[in-house]
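The structure appears below as structure tokens.
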Amino acid sequence: MKQKVVDLLLSYNPLWLRIGLETIYGEVLGLHGNTDIIGLSRFIVSRLLGCPDIAAEFAHPNVRHLYKPGELATVFVIVSIACLMLPLRAAE
């Protein structure tokens, strides 16, 4: 599922995708240029699809990489993707 989302987002212009991600997260991405697909993919997987704050909130206290069910996490990811895709669609 993550790969499909990454592929969908990478179908947009990398420059516009970078601008959108930097706007949503309020930080400058440490990429090697405006066409750094590997860096964009890594950021999408680690920050957009795997938010560390939400992962920590829903983490099982005794078992690593096991998470409690969390509708909040799902809603956060969906809203983040929607907030990113709306301006990207308009920029096309």
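The values are calculated or read from the model by the stated rules, or taken from the named source; none is laboratory data. The shown structure was predicted, so the numbers you read here are calculated from the model rather than taken from an experiment. We place every Cβ from the backbone using ideal geometry, glycine too, and count neighbours over all the protein chains shown.
Observations
- Qualifying residues in region 41-57 (those that are surrounded by 14 or more Cβ atoms within 10 Å (Cβ to Cβ) and in a helix (DSSP H, G or I)) - the one modelled with the lowest pLDDT: Ile54
- Matching residues, region 1-23, being of a type outside the set (Ser, Thr, Tyr) and not in a helix (DSSP H, G or I): Met1, Asn13
- Summed over region 24-40, the residues that are at pLDDT 85 or above and either closer than 15 Å to Met85 by Cβ or touching a strand residue (DSSP E or B) at 6+ places or on another chain (Cβ under 9 Å) (or both) give a count of 1.
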